């Protein structure tokens, strides 16, 4: 059992810290990231209104969700948020470029989403804050959270189109 817990720790640290690093690029401009001003512009370009709100939520989802996943605190919730965020990333920025990352495709964010989903379904493992604090979410609840994460991502992904349709019918 300890090897599975060690594997979950490695997976949580890897997936969580990569998400957190991407969030830090957006929030703080670290590692040649856009920072919030340019990230808001990118969100507006993708059709998300109000752009400051969506930029802040997405950057905090990646940064905060990634850190929570890495330390294994509120793991099912963090993983569900990261799944939703990855779906939005894939659909808004990478889908049109095909699969492979070399062409700006969705290979990388899809891999992060798969990792977050695996952690969500398996649980955080013994080497987590959740385990240390006795937070144990039942498998059926974790499955519901996975479905909710997917649904939330799809809803947010559809928002720019819905907003455009609403604006065009009001014109």
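Using the alpha-carbon atoms, what tilt in degrees (0 to 90, nearest 10) does helix 75-89 show relative to the longest principal axis of the chain?
Once rounded, one gets 30 degrees.
Divide by every residue of the chain the summed helix terms, -39500 (n - 2.57) for each DSSP H run of at least 4, and state the resulting mean residue ellipticity at 222 nm, rounded to the nearest 500 deg cm²/dmol.
-25000 deg cm²/dmol
Can you work out the FRET efficiency for the pair residue 21 and residue 103, with r the C-beta to C-beta distance and R0 = 30 Å, to the nearest 0.05?
0.85
Just to confirm my numbers, what's the Cα centroid distance between segment 10-77 and segment 97-118 in Å?
16
FRET efficiency for residue 141 and residue 46, Cβ-Cβ distance as r, R0 = 22 Å, nearest 0.05?
Between residue 141 and residue 46 the formula returns 0.10.
Consider a paramagnetic label point 7 Å from the Cα of residue 168 along Cα→Cβ; state which residues of segment 85-126 have an amide N under 19 Å from it.
Answer for segment 85-126: 92.
Distance in nm between label sites at residue 111 and residue 4, each 7 Å beyond Cα in the beta-carbon direction?
With each label point 7 Å from Cα toward Cβ, the separation is 2.6 nm.
Quick check: the angle from helix 2-28's long axis to the longest principal axis of the chain, C-alpha only, nearest 10 degrees?
30
Taking 8 Å as the Cα distance limit and 6 or more residues as the minimum spacing, I'd like the relative contact order of segment 1-78 as a percentage.
This gives 38 percent for segment 1-78.
Give me the percent relative contact order of segment 52-118, please, defined on Cα pairs under 8 angstrom at least 6 residues apart.
25
Quick check: pseudo-label points 7 Å beyond the Cα along Cα→Cβ at residue 158 and residue 38, how many nm apart are they?
A separation of 3.3 nm, rounded to one decimal place.
Express the relative contact order of the chain as a whole percentage, based on alpha carbon pairs under 8 Å and six or more residues apart in sequence.
Dividing the mean separation by the residue count of the chain yields 25 percent.
Every number in this text was worked out from the coordinates using simple rules, so none of it is lab data. Source: prediction; values computed, not measured. Positions of Cβ are backbone-derived with ideal geometry, glycine not excepted, and every protein chain shown enters the neighbour counts.
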